[in-house]
Amino acid sequence: MAWMRVIVSCILVSLFCLSYADEVKLTVKGVTSIGKTDDNFVCATLDWWPETKCNYNQCPWGKAGIFNLDLNNKILANAIRAFNPLRLRIGGSLQDQVVYDVGKPVKKCQPFKQQDDGLFGFSKGCLPMERWDQLNKLFSDTGAKITFGLNALSGRKKSYGDATLMIGKWHHGNARDFMNYTAQKGYKIDSYELGNELCGSGVSARILPEQYGKDIITLKTVLRKLYPDPSSRPKILGPGGFYDEQWFKTFLQVSGPDVVDGLTHHIYNLGAGVDPNLIKKIQDPFLLDEIAQTHKDVSTTVKLFGPWSGAWVGEAGGAYNSGGKDVSHTFVNGFWYLDQLGMTSTFNHKVFCRQALIGGNYALLNTTSFIPNPDYYGALLWHRLMGKQVLSATHNGSPYLRAYSHCSKKTSGISVLLINMSNSTTFEVSVMDDLNLYPEDYSLSSGYSKYVWQREEYHLTPKDGNIQSDVVLLNGTPLKLTESSDIPAMNPQVVDAASPITVQPDSIVFATLRGFAAPACA
């Protein structure tokens, strides 16, 4: 009989482990906000890379570059249109080698070709205005909000004794003709960004901050002439590279007040896409927190030296060199991506541009089929639910439970994002306010038992529990395109707000609490 008692005990222990859940109190401070994002915080990039862009014996870009992307693809258009609007950044490593076929004629207007002695291994590339017209038709049809990255190396030459330092002032004539063509055509450009990853120590090339500051002033002068009406004038962004405190500080001091509208920095905090530990890094909250200091430092730099501007993440792909082949396009990447959206917003960043909308291993859309990857749906839910006002959200639970809160975008109350990076623990999350109005009712979801209201929940989980799946489930149902290639409806499940939010292992939950009284959201 002893053996039977052992078996029964083992079964009871197993059942206890399977049903184990951590109870967590999430406190949202709704009296004041801690940050404010742009209305269009979520942003995605379109890059210049050709098919021959290869890393680690793979070439994951295919026909997803600006020159060869199928602009008539219905899924592409519907994916952009669903955001109403989606902010798009046109740029990347090769933008500083782009010549615009307008004004002074280009002898041969050809796309990029592999060239051993070229920047990033490629020659210069030429953008025909016919292609620019086609791109703008897509932007107009889908309502996209456009940032265009300009070639900042035009007219410069290499410094003697320093192969990466580019000297001389920016020759802006070709860019001016391009911007003039764009303005005359009536194409709407939200902002222009000067250069890509030329700040600090640079990536393959760099510019001194004093010179870059002067060049930004030149760009401002050109835009003022092209757009006399300030209300229609595109904003100016820079420097579009990795943060270097002294470089950023000097550049802002040289360019001066009311020139730069957005201070853009890039992050690839997961390391190389080929790293065999990439999936582990994405699920490591301590590693993910390491980039927080950079976000804070950029925000501080803006506050001290450029308060007329705002901090932007101008490009972020997680893992560099096109991302991880079996990781960056799968469900698990959402742990990094959505956590970064939450983190940067708490540090008062205005925009976060994901590399890329399409192309590489880290794309929001599949490079060949255009079918949305899991992070696309996470981005769309953020865009629809999380408002501009950022609220403090803290809890007493495991670091593997990440929590963020904003005022709701289109309804009263607040929205919260909960990310469970644990593969074994379920969290039962009760959302509290910091007003302590009804402390005797803290067993309830918001501390407001005096009122009856409901909560809307969006539970994202991977198909078959496989965190490396390309298919994401919303409240248990796979998200698939409709027969007409439209983005599917994403409806919440409505629950009693008096109950805690159940966050299953390896899952992501958005929830809107309409009855949550937050003065900052009034």
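Check ALA311, ALA292, ALA356 and return the single one that is farther than 30 Å from GLN58 by Cβ, open to solvent by less than 10 Å² (accessible area, probe 1.4 Å), of a type in the set (A, V, I, L, M) and modelled with pLDDT of 95 or more. Checking each option against the conditions leaves just ALA311. Checked against (1) in contact with a strand residue (DSSP E or B) (Cβ under 9 Å, 6 or more places away or on another chain); (2) modelled with pLDDT of 95 or more; (3) open to solvent by 50 Å² or more (accessible area, probe 1.4 Å); (4) small (Gly, Ala, Ser), SER443 passes all but a single condition, namely (2). Taken over the stretch 361-416, the criterion of being among the β-branched types (Val, Ile, Thr) and open to solvent by 10 Å² or more (accessible area, probe 1.4 Å) is satisfied by THR367, THR368, ILE371, THR394, THR411. Among the residues of the stretch 230-244, those that are open to solvent by less than 20 Å² (accessible area, probe 1.4 Å) and either in contact with a Cys (Cβ under 9 Å, 6 or more places away or on another chain) or assigned to a helix (DSSP H, G or I) (or both) comprise GLY238, PRO239, GLY240, GLY241.
Among residues of the stretch 273-324 being among the polar types (S, T, N, Q) and touching a residue at least 60 places away in the same chain (Cβ under 8 Å), the one that is farthest from ILE419 (Cα to Cα) is ASN321.
When residues in the stretch 123-171 are screened for being among the aliphatic types (A, V, I, L, M) and farther than 28 Å from CYS43 by Cα, 4 of them pass. Counted as qualifying within the stretch 86-164 are the strands (runs of 3 or more DSSP E) with 2 or more residues that are among the aliphatic types (A, V, I, L, M), surrounded by 15 or more Cβ atoms within 10 Å (Cβ to Cβ) and in the same structural domain as LYS185 (by the TED database), namely 87-90, 98-101, 145-150. Scan the stretch 389-408 and give yes if some residue there is within 23 Å of ASP38 (Cα to Cα), of a type outside the set (A, V, I, L, M, F, W, C), assigned by the TED database to the domain that holds THR27 and at pLDDT below 95, otherwise no. No, the stretch 389-408 contains no residue that is within 23 Å of ASP38 (Cα to Cα), of a type outside the set (A, V, I, L, M, F, W, C), assigned by the TED database to the domain that holds THR27 and at pLDDT below 95.
Of everything in the stretch 165-219 that's assigned to a loop (DSSP other than H, G, I, E, B) and among the β-branched types (Val, Ile, Thr), which residue is surrounded by the most Cβ atoms within 10 Å (Cβ to Cβ)? Only one residue fits best here, namely ILE207. Of the strands (runs of 3 or more DSSP E) lying entirely inside the stretch 462-522, the ones with 1 or more residues being open to solvent by 50 Å² or more (accessible area, probe 1.4 Å) and not assigned by the TED database to the domain that holds VAL332 are found at 493-496. Of everything in the stretch 267-285 that is over 26 Å from TRP312 (Cβ atoms) and hydrophobic (A, V, I, L, M, F, W, C), the residue that is most open to solvent (accessible area, probe 1.4 Å) is VAL274.
Okay, residues lined up against (1) assigned to a loop (DSSP other than H, G, I, E, B); (2) in contact with a Pro (Cβ under 9 Å, 6 or more places away or on another chain); (3) on the phi > 0 side of the Ramachandran plot; (4) at pLDDT below 95:
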position: PRO228; (1), (2), (3), (4): yes, no, no, no
position: GLN246; (1), (2), (3), (4): no, yes, no, no
position: LYS249; (1), (2), (3), (4): no, yes, no, no
position: PRO257; (1), (2), (3), (4): yes, yes, no, no
position: LEU263; (1), (2), (3), (4): no, yes, no, no
position: PRO276; (1), (2), (3), (4): yes, no, no, no
position: LYS296; (1), (2), (3), (4): no, no, no, no
position: LEU304; (1), (2), (3), (4): no, no, no, no
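The values are calculated or read from the model by the stated rules, or taken from the named source; none is laboratory data. Since the model is a prediction, treat every value here as computed from it, not as a measurement. So basically every Cβ, Gly included, is an ideal-geometry build from the backbone, and we count neighbours across all protein chains shown. Accessible surface is based on the protein model in full, side chains and every heavy atom, while ligands, DNA and RNA are left aside. Shrake-Rupley method; radii C 1.70, N 1.55, O 1.52, S 1.80 Å.
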